[in-house]
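See below for the structure under consideration.
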Amino acid sequence: GFIDVEWGSTGEYLIKAYNKEGVLLDTAGFNVDFMFSQDYIGDLPVDETIFAFRVEYLDDINRIDIVKASTDEIIATRTASLHTPEVKIHSPTPGEQIKPGVYNIQWTGTDQDGDTLFYNVFLSNDSGVHWFPIDVDLHESSCTADFSYLKKGNYMLKVVATDNWNCNEDTVNFGVKKTRNKNRIIGFHT
């Protein structure tokens, strides 16, 4: 994989990696801007922002903290869990042919550690080469999707479960069948 931030780097915020004994293994620094830009308003300061950085995985990591470098204030923390969550899609079922329209996607997720699970749901129309998000950061084990825009054909659905450390996924192939619009009227005039 590719990494965005090198261990040993500095910045306004730090990623700190600890082992099971609480010993600091390494740090990586980054900067992030808390500004929201609008063409017609300009830059506005905000209290939170979305960011993602990839760092090299160290074998002994048990906990990651993100801290503000100037104050050592912990912004976020994640602790390793031993077991990977399990996830199973129940609808659509493999090979199911559904009508375009509103559809209720359902799955179950479990975690042997008892961790809270979060789910992300994706759709592919090219056999899993590209995935498009349907819904993200869900706590429930279902979501409603509007498939009215889908053309007749074959699709894949993927649900990714995470305990904020480990991830697992389930995929299912399903089809969308063509429907007739009975409300359309064709008029012939002479």
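Here are a few things to note about the model shown:
- Phe2 within 24 Å of the chain's Cα centre (by Cα), loosely packed, with under 13 Cβ neighbours inside 10 Å and part of a loop (DSSP other than H, G, I, E, B): yes
- Test: residue in the stretch 26-45 that is without any contact (Cβ under 8 Å) to a residue 24 or more places away in the chain and at positive phi: yes
- Scope the stretch 99-134; condition under 12 Å from Val172 (Cα atoms), at pLDDT 95 or above and of a type in the set (Gly, Ala, Ser); matching residues: Ser124
- Per-region count, the stretch 98-118, residues open to solvent by 60 Å² or more (accessible area, probe 1.4 Å) and assigned to a loop (DSSP other than H, G, I, E, B): 4
- Looking at His189, His90, just one residue is exposed (fewer than 11 other Cβ atoms within 10 Å of the Cβ), of a type outside the set (D, E, K, R) and either modelled with pLDDT of 90 or more or over 30 Å from Val23 (Cβ atoms) (or both), and that residue is His189.
- The single condition among (1) aliphatic (A, V, I, L, M); (2) in contact (Cβ under 8 Å) with a residue 24 or more places away in the chain; (3) closer than 21 Å to Asp115 by Cα that Val5 does not meet is (3).
- Among the conditions (1) closer than 30 Å to Leu157 by Cβ; (2) open to solvent by less than 80 Å² (accessible area, probe 1.4 Å); (3) touching a residue at least 40 places away in the same chain (Cβ under 8 Å), Val121 misses just one, which is (3).
- Verdict on Glu21 being over 22 Å from the mean Cα position of the chain (by Cα) and without any contact (Cβ under 8 Å) to a residue 40 or more places away in the chain: yes
- Identity of the residue in the stretch 5-23, more than 18 Å from Ala76 (Cβ to Cβ) and of a type in the set (Asp, Glu), that ends up surrounded by the fewest Cβ atoms within 10 Å (Cβ to Cβ): Glu21
- Filter result (part of a loop (DSSP other than H, G, I, E, B), open to solvent by less than 90 Å² (accessible area, probe 1.4 Å) and at pLDDT 85 or above) within the stretch 24-71: Val32, Val55, Leu58, Ile61, Asn62, Ala69, Thr71
The values are calculated or read from the model by the stated rules, or taken from the named source; none is laboratory data. Computed from a predicted structure; not experimentally measured. Positions of Cβ are backbone-derived with ideal geometry, glycine not excepted, and every protein chain shown enters the neighbour counts. Calculation scope for accessible area: heavy atoms of the full protein, side chains included, ligands and nucleic acids excluded. Shrake-Rupley method; radii C 1.70, N 1.55, O 1.52, S 1.80 Å.
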